[in-house]
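Trainee: Below: one structure in structure tokens.
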Amino acid sequence: MIVPDGFSDIPAGKIAAVVTHLEMTERPPRRADPPGAWGLRKAEPPMLDWYRDLYRRVGEDWLWCSRTRLGDSELAAIVHSPLVEVYALVVDDSDEGLLELDFRQAGQCELGYFGVTAKLIGSGAARFLMNRALEIAWSRDVSRVWVHTCTFDHPSAVAFYQRSGFRAFRRQIEVADDPRMDGTAPRDAARHVAVIG
Ligand SMILES: CC(C)(COP(=O)(O)OP(=O)(O)OC[C@H]1O[C@@H](n2cnc3c(N)ncnc32)[C@H](O)[C@@H]1OP(=O)(O)O)[C@@H](O)C(=O)NCCC(=O)NCCS
């Protein structure tokens with residue numbers, strides 16, 4: 001479908017975002033780790049309740065909901081895949097960041113999910129996590145690492161990814177059910193995206 005120029009109505013109960021896809025095809029220059037007492041822990045395997053809790057704490061305010069809507073077997077099929085790796089950023093023994101590396105496409109790594117909890121935004125923790133993400137991704141037999149972000153995500157995300165070495169190559173519109181209208185997310189989540197109705 002071609003989206004026409006100008007304003008387009010979005011159906012009631014739906015939300016719409018502009019998605020930016022970014023990629024890198026060679027290992028980027030290494031960026032400095034900011035000072036901070038962070039650690040990285042691989043979840044082997046990620047327990048589903050643990051995963052859902054961290055996914056919610058990192059992503060709920062950015063309307064991450066595709067994983068929230070999955071049942072146990074659907075979620076396990078992804079996060080228990082031997083080609084999907086889930087890591088937590090650890091601070092003071094608490095898991096406060098989510099990194100999901102998806103190697104299911106041969107020769108490629110998708111940063112499936114990447115983010116830190118609200119209290120760590122702007123603290124340098126995300127740079128620490130990205131440095132680890134790129135070290136792990138490029139230590140494997142890949143020729144491309146990619147990620148997508150959307151206008152529901154934190155407004156720093158695109159520039160952060162570009163500074164990390166990703167280059168934007170594609171833009172899309174994504175339309176989805178508003179998770180706050182069907183109980184998937186609390187009504188007051190993501191105040192930067194108005195609930196209509
Ligand atoms: C989008 C997001 C990843 C951006 O991260 P951020 O919190 O702005 O990033 P950080 O604070 O870790 O780092 C930003 C910069 O500040 C620097 N910085 C931050 N604190 C610092 C400190 N104390 N000392 C030195 N440098 C510091 C970092 O080194 C980094 O510099 P660089 O980018 O030039 O290398 C983060 O906001 C986030 O996780 N948001 C929620 C989820 C989300 O939207 N995820 C993206 C969706 S795909």
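Please treat every number below as a calculation from the coordinates, not as lab data. Model, not experiment: these values are computed from the prediction. FYI the Cβ positions are ideal-geometry reconstructions off the backbone, even for glycines, and counts take in every protein chain you see.
Trainee: Here are Met130, Met181: which of them is of a type outside the set (Gly, Ala, Ser) and more than 30 Å from Pro35 (Cβ to Cβ)?
Mentor: Details: Met130 fails: more than 30 Å from Pro35 (Cβ to Cβ).
Result of the check over Met130, Met181: Met181.
Trainee: When only residues in segment 109-129 that are among the hydroxyl-bearing types (Ser, Thr, Tyr) and in a loop (DSSP other than H, G, I, E, B) count, which is nearest to the ligand (Cβ to nearest atom)? Lay out the reasoning, then the answer.
Mentor: Here is the first cut: in segment 109-129, the ones among the hydroxyl-bearing types (Ser, Thr, Tyr) are 113, 117, 123.
The next check asks that each one be in a loop (DSSP other than H, G, I, E, B); those that pass are 117, 123.
Working: Thr117: 8, Ser123: 5 Å.
Top of the filtered list is Ser123.
Trainee: Out of the residues in segment 149-163 that are within 7 Å of the ligand (Cβ to nearest atom) and not in a loop (DSSP other than H, G, I, E, B), which is nearest to the chain's Cα centre (by Cα)? Steps first, please.
Mentor: Taking segment 149-163 as the starting set, the residues that turn out to be within 7 Å of the ligand (Cβ to nearest atom) are 149, 153-154, 156-157, 160, 163.
Now drop any that are not not in a loop (DSSP other than H, G, I, E, B), which leaves 149, 157, 160, 163.
Details: Thr149: 7, Ala157: 10, Phe160: 13, Arg163: 17 Å.
Per the stated criteria, the residue is Thr149.
Trainee: So which strands (runs of 3 or more DSSP E) are wholly in segment 1-105 and hold at least 2 residues that are under 19 Å from Arg180 (Cβ atoms) and within 16 Å of the ligand (Cβ to nearest atom)? Write out each step before concluding.
Mentor: On the way: elements: 14-24, 38-42, 84-91, 94-102.
Filter on segment 1-105 gives 14-24.
Trainee: Which one of these does Ser139 not meet: (1) away from the ligand (no atom under 13 Å from the Cβ); (2) among the small types (Gly, Ala, Ser); (3) crowded, with 16+ Cβ neighbours inside 10 Å?
Mentor: (3)
Trainee: Can you find a residue in segment 167-175 that is under 22 Å from Asp102 (Cα atoms), within 18 Å of the chain's Cα centre (by Cα) and surrounded by 14 or more Cβ atoms within 10 Å (Cβ to Cβ)? Write out each step before concluding.
Mentor: First, pick out the residues of segment 167-175 that are under 22 Å from Asp102 (Cα atoms): 167-172, 174.
With the extra rule that they be within 18 Å of the chain's Cα centre (by Cα), the set shrinks to 167-172, 174.
Of the ones still in play, those that are also surrounded by 14 or more Cβ atoms within 10 Å (Cβ to Cβ) are 168.
Yes: one or more hits.
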